[in-house]
Every structure is written in C-alpha cells, then in structure tokens.
C-alpha cells in the first residue's frame with residue numbers, strides 16, 4: 001500500500017501541452033476517481049502514473065519514491081484496461097499468473113496465490129478456460145485478477161466498466177467497491193461516467209482540458225461545485241443555469257428578486273444555478289412560473305421541462321400526479337439551495 | 001511496336017469480350033424467361049437457377065481446358081512410354097524409385113522445404129517487428145519488399161553474378177569472391193561445390209520471399225491489441241518476452257499461412273535452379289528434373305509426366321491445409 005502524489009505534472013506532445021501542471025495527493029488506501037469528458041487528460045494522467053507515457057515535467061511519487069524514471073514493472077502498480085487486455089492465447093490461470101512469472105515464488109506458492117485470487121473473484125471454475133469462452137464480465141474479472149495477484153501498492157483502472165452492459169456495470173461497480181473495502185489498496189479509477197464517480201469514490205477529481213477543476217468528496221462536488229463546469233458535469237440531469245444581476249443586496253433573475261449578500265461588486269452579472277432536484281413543481285405561486293413543454297417520467301418522480309418565457313428549466317414533479325403538458329405551473333425552490341457563479345465561472349458564496 | 005499493339009489489342013478484346021458475354025447472356029436469359037406475364041414467378045425461378053452457370057461458365061470451361069485436362073493427361077502419360085504410344089503401367093514410377101537423380105532431387109527438395117520457409121518466415125518476422133519500431137522503418141520495408149518484384153529468373157541471374165568465380169590472378173567480379181579476396185582469402189567456386197551450393201541457391205529464394213513474409217506478418221503484428229502489450233509490460237515482461245510470449249502466439253495462424261504459402265512456392269521451385277546451375281553439381285530439384293526429361297535431348301514424356309505427378313501429389317495436401325487455414329483466419 002502506498003500514497004500517490006502528483007507534483008506539477010505536465011504532459012506535452014511536441015509543443016501542444018495536454019496536461020497543465022497537475023498536483024494531487026492520494027492518501028494510502030484511498031479510492032480516487034478521475035472524471036471528465038473525453039480528451040480532458042484523465043487517461044493520460046493514469047498512463048503516466050503507470051509508466052506507459054513519459055512525464056514531460058513535474059514528478060510522480062508512489063510511496064516514498066519518485067518514479068518518473070522507473071520502468072512500469074518497478075513501480076509496484078497494476079492496471080486494468082478498458083478492453084480487458086487479457087492474453088487471448090492463454091488460459092485464465094496463465095493470464096492471472098503471467099505477472100507472477102518474474103516473482104521469486106515457487107510454483108506451488110504461485111498456484112496457491114492464483115487460486116486465492118480466483119476464489120475472491122468467483123472464477124475458480126473457469127481457471128482452465130480460454131478468454132474466448134468467457135463473457136464480458138468474466139473477462140473483466142480476469143483482468144482484475146491479473147492486477148490483484150501481484151499484490152500491488154496501487155491499482156489503476158482505466159474506464160474498466162465502459163464495455164459492459166448497464167446491468168453488469170452496476171454489478172461490477174459494487175464488486176470493485178467491495179474489493180477495495182476488503183483489500184484496502186490505494187485505487188485510482190478513471191471514468192467519464194459521473195454516476196460511477198459519485199458511487200465509488202472516496203474523493204473525486206474532476207478534470208477538463210488538462211486541468212483539475214475540483215477535488216472533493218462526492219458530497220462536496222455535488223453540493224459545493226467549484227465552478228459552472230463542475231456544477232453541470234456532476235448530477236443528472238444537469239443543473240439549470242439562469243443569467244442574473246446582483247445589485248443592492250438583491251439578485252434579479254428571470255423577473256424575480258431574491259435577497260442575498262454576495263461578495264460581488266454592485267451591478268455585477270452572475271449566473272444562478274438550480275439543480276432539477278431542488279426545483280419543485282408546485283400548485284401555489286412560487287419563485288418562477290411557466291408552461292410544461294415535455295415530461296420525462298422516471299417512476300418515483302417526473303422530470304418536467306418548463307418554459308419560463310423563452311428559457312427551458314428542468315424541474316421535478318410528483319411521479320404519481322404529474323402536471324399535464326401545456327399546463328401553466330409554478331416552480332418553487334429553497335433559496336438556500338441556489339448556486340451563484342461569477343462571470344468567470346467560479347462559484348461565489 | 002507490333003508486339004505492343006498486339007498486347008493492347010488482346011487486352012481490349014479480352015475485356016470487351018467479357019463484358020459482352022456477361023451482358024449479352026444476361027439479356028438473352030431475361031428474354032427467354034421474362035419476369036412478367038402469367039408465368040413470371042416460375043420464369044424468375046428458372047432464370048435464377050441458370051444465371052450462376054452463365055456467369056461461371058467461361059471460368060469453368062477455361063479451368064477445365066488449362067488445369068483439369070492437363071492433370072488427367074499428365075496422369076495418363078505417366079503410365080505410357082516415352083512417346084506416349086504404349087501403355088507401360090507403373091514402369092515409369094519404378095524407374096523413378098531406382099533413379100539416382102530422382103533421389104537427389106527429392107532430398108534437395110526436402111532440404112529446400114525445410115530451409116527456405118523457415119528462414120523466410122523467421123527473417124520476415126524479425127524484419128516486421130524491427131521495422132515497426134524505427135523511424136525509417138517504412139523505407140527499410142520497401143527495400144526488403146523490393147525483391148518480390150523481381151522474377152525468379154532475373155533474381156537467379158543477379159545472384160549468379162554475386163557468386164561469380166574468376167581464375168586466380170584475375171579480378172573477381174562476383175561480390176562474394178571480391179570480399180573474400182579483399183580479406184585475403186582464396187576465391188571459391190561457390191556454385192559447383194556440392195551440398196553447400198544448394199544453400200546458396202536457397203538464399204536467392206529466401207531473399208525474395210522474406211519481403212512477402214514481412215508484409216503479411218507486419219500487418220498481423222499491427223492487429224494485436226496495443227493494450228495486451230501494455231498489460232504485459234506492466235506485468236514485468238521485457239521486450240523479448242513481449243515478442244515471444246504475447247505477440248508471436250497471437251499471430252500463429254498467420255505465421256502458419258505464410259509458412260505454407262512459401263512451402264508451396266518451394267515445392268515448385270524451378271527457375272532459380274534452371275538459371276544458376278541447371279541442376280548440376282548436386283543441386284537438382286524435381287521441377288528441373290521434370291523439365292529435363294520432358295523437353296531436353298530426346299524427350300521422355302512418360303518419365304517427365306511421372307515426375308510432374310509426384311510434384312502435384314506433394315503440393316496438394318499443403319495446398320488444402322493452407323486454404324482451410326486461410327478460410328479460418330478470415331472468420
């Protein structure tokens with residue numbers, strides 16, 4: 001087990017810098033998820049930690065060693081790839097055992113280790129099979145087993161669930177989380193799926209365009225997003241954004257005034273954010289009013305798209321008695337749940 | 001100029017002939033069985049049963065005339081005497097079994113069979129792996145592939161110069177002897193030194209076939225998922241282990257196809273031997289032996305045909321295996 005520390009990490013291809021001085025400390029045994037849209041640099045960061053990509057500038061520390069110039073095999077890490085990357089010509093046993101080949105274990109010890117790992121992953125009955133005879137989920141288990149067998153200090157996962165169907169993905173998500181609770185190894189997990197990030201992570205690292213936007217627990221990034229990008233990226237459906245103006249202790253937004261004290265100069269433009277969960281369809285006159293344009297029933301609740309004079313807001317309505325399309329409804333929100341963003345995009349509180 | 005016109009004329013006539021046949025016969029078929037009227041359904045059924053035969057017909061006829069008939073005729077001739085006048089049963093084959101030159105050819109063919117496919121595939125694999133890793137790899141690839149464009153006869157002539165021998169005191173124009181002399185050695189009569197001279201002939205074919213092996217294997221190597229290689233690196237495999245234990249096992253199917261394809265070329269080997277030694281000095285091979293009996297001096301069609309049949313019997317099983325394997329690869 002070990003800590004991982006990135007210090008002003010830079011990656012450049014020729015003159016194009018794709019990763020801009022990233023710094024991050026991962027605690028021993030922590031489950032950290034890197035999340036962001038494709039091309040944000042999350043996979044590149046992971047591959048640099050693994051040693052598959054060269055470091056252009058900055059340092060990577062694993063435990064008490066700077067590993068910039070160490071070969072991947074000497075970094076004491078293991079990686080699980082998106083396409084499983086299992087060896088198609090080897091049986092499951094040989095796949096899992098390949099990494100032990102170079103270890104000093106005796107053959108019986110080695111086999112015992114493989115059996116242990118297979119038992120944890122419930123793959124014991126499949127040890128003598130070839131990958132072609134396995135399902136997608138089983139292949140992913142083999143890939144995880146191959147990573148586990150060497151007992152690494154850090155597990156790296158590169159979008160390991162994105163090739164699985166929705167049901168299997170939910171199941172494997174849970175299994176990986178359980179596995180982490182059981183073995184307690186430091187995990188760095190890359191995904192583009194914010195639900196995966198929210199459900200699995202101890203801490204989430206949100207990236208965009210090669211920079212870290214925010215680092216925090218799932219609750220922190222959800223309830224206190226650092227900027228508009230994080231606010232809209234985390235949470236589904238996305239946070240509603242409305243242009244507003246701040247003057248004299250009042251925020252005027254969509255024809256309404258809200259009392260607030262913000263650390264902004266008088267007369268500033270700002271953006272008000274409201275999560276669909278916090279914007280409730282109400283029969284009583286409330287904050288906003290508008291016409292229902294589309295309904296998306298989800299069972300326990302219904303998402304209602306409401307047109308408030310040229311702006312479309314997503315609000316939550318009751319699942320059992322949703323409003324009718326075309327009806328005029330009121331939208332209520334607790335002002336404590338509103339988010340405010342300066343013109344730069346940064347959150348203001 | 002006349003030949004050029006003749007060649008152009010043939011090409012034009014051939015292409016237009018083909019188009020005319022397919023188009024015309026199709027039209028005729030539709031006229032006989034029109035897809036309308038009261039019997040449209042039946043007509044269409046008849047037409048679609050006949051159509052494949054119309055389109056395949058010319059190919060089947062030509063293949064019969066130039067492949068099937070010669071095979072049958074050769075088989076028949078191999079049971080007849082020198083002029084094909086008298087049936088002699090298995091006499092030609094009995095003669096073959098006792099003939100020293102036939103033994104020499106057969107064992108030389110076996111030697112070629114073991115050496116050339118193995119070396120070509122090995123060099124091809126090494127070249128494919130190495131050229132993928134260097135910046136001027138594509139240039140190197142073109143150079144290695146170039147000999148493929150040279151005919152076997154041309155290659156034979158080129159290499160005959162390389163192995164050329166001039167008497168002592170004369171300037172060596174063969175590059176091999178020139179090098180030997182430069183380093184203070186005695187010039188050798190390479191092509192007339194039995195046993196090893198066969199390997200010098202094989203070098204020519206290896207030189208030609210390595211390019212073929214390299215191109216096919218290079219494509220196969222690139223088809224290996226990058227992630228499985230990265231996973232092996234993370235698992236602590238060094239480049240040699242990645243190559244031998246991860247890459248090569250994943251392209252076994254392709255290696256087998258390359259190997260057998262070259263094997264078939266080797267079994268039919270004729271031109272290189274014909275040009276360079278004409279089978280003298282212990283370098284005889286089956287195809288050249290057949291040519292000698294068939295067309296040289298007093299031709300013996302019976303014996304020549306018997307040798308031809310032997311070659312065919314040797315090639316056939318490898319051919320079948322190769323086609324099956326290639327089909328499996330495609331799936």
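General observations
- Condition check for residue B:98: surrounded by 12 or more Cβ atoms within 10 Å (Cβ to Cβ) and either outside the structural domain of residue B:311 (by TED's automatic domain parsing) or farther than 13 Å from residue B:310 by Cβ (or both): no
- Consider segment A:90-120 and keep the residues that are assigned to a loop (DSSP other than H, G, I, E, B) and without any contact (Cβ under 8 Å) to a residue 40 or more places away in the chain. The one that is surrounded by the fewest Cβ atoms within 10 Å (Cβ to Cβ) is A:104.
- Sole residue being closer than 30 Å to residue B:290 by Cβ, assigned to a helix (DSSP H, G or I) and touching a helix residue (DSSP H, G or I) at 6+ places or on another chain (Cβ under 9 Å), chosen from B:53, B:21, B:76: B:76
- Between A:37, A:108, the distinction of being more than 14 Å from chain B (Cβ to nearest Cβ) and farther than 28 Å from residue A:200 by Cβ belongs to A:108 only.
- Test: residue in segment B:227-246 that is in contact with a helix residue (DSSP H, G or I) (Cβ under 7 Å, 6 or more places away or on another chain), under 30 Å from residue B:310 (Cα atoms), more than 8 Å from chain A (Cβ to nearest Cβ) and surrounded by fewer than 20 Cβ atoms within 10 Å (Cβ to Cβ): no
- Here residue B:179 does not fit the description of being surrounded by fewer than 15 Cβ atoms within 10 Å (Cβ to Cβ), touching a helix residue (DSSP H, G or I) at 6+ places or on another chain (Cβ under 6 Å) and away from chain A (no Cβ under 14 Å).
- Test: residue in segment A:287-294 that is in a loop (DSSP other than H, G, I, E, B), at pLDDT below 90, assigned by TED's automatic domain parsing to the domain that holds residue A:342 and loosely packed, with under 13 Cβ neighbours inside 10 Å: no
- Residue B:302 in contact with a strand residue (DSSP E or B) (Cβ under 6 Å, 6 or more places away or on another chain), part of a helix (DSSP H, G or I) and more than 13 Å from every other protein chain (Cβ to nearest Cβ): yes
- Residue in segment B:80-96 that is within 22 Å of the chain's Cα centre (by Cα), under 30 Å from residue B:203 (Cα atoms) and in contact (Cβ under 8 Å) with a residue 12 or more places away in the chain present: no
- Within segment A:141-164, the set of residues being under 16 Å from residue A:188 (Cα atoms) and within 11 Å of chain B (Cβ to nearest Cβ) comprises A:143, A:147, A:152, A:156, A:158.
- Number of residues in segment A:62-72 that are touching a helix residue (DSSP H, G or I) at 6+ places or on another chain (Cβ under 7 Å) and over 26 Å from residue A:162 (Cβ atoms) equals 1.
- Some residue of segment B:259-271 being out of contact with any strand residue (DSSP E or B) (no Cβ under 7 Å at 6 or more places or on another chain), in a loop (DSSP other than H, G, I, E, B) and closer than 30 Å to residue A:52 by Cβ: no
- Residue B:203 being within 14 Å of chain A (Cβ to nearest Cβ), touching a helix residue (DSSP H, G or I) at 6+ places or on another chain (Cβ under 8 Å) and part of a helix (DSSP H, G or I): no
- Just one residue in the set A:49, A:86 is closer than 17 Å to residue A:160 by Cα, touching a helix residue (DSSP H, G or I) at 6+ places or on another chain (Cβ under 9 Å), within 13 Å of chain B (Cβ to nearest Cβ) and at pLDDT 90 or above; that residue is A:49.
- Matching residues, segment B:247-264, being within 8 Å of chain A (Cβ to nearest Cβ) and over 20 Å from residue B:133 (Cβ atoms): B:252
- Among residues that are away from chain B (no Cβ under 14 Å) and either in contact (Cβ under 8 Å) with a residue 60 or more places away in the chain or at positive phi (or both), residue A:80 is not included.
The values are calculated or read from the model by the stated rules, or taken from the named source; none is laboratory data. Source: prediction; values computed, not measured. Backbone-built Cβ (ideal geometry, glycine too); neighbour counts: all protein chains shown.
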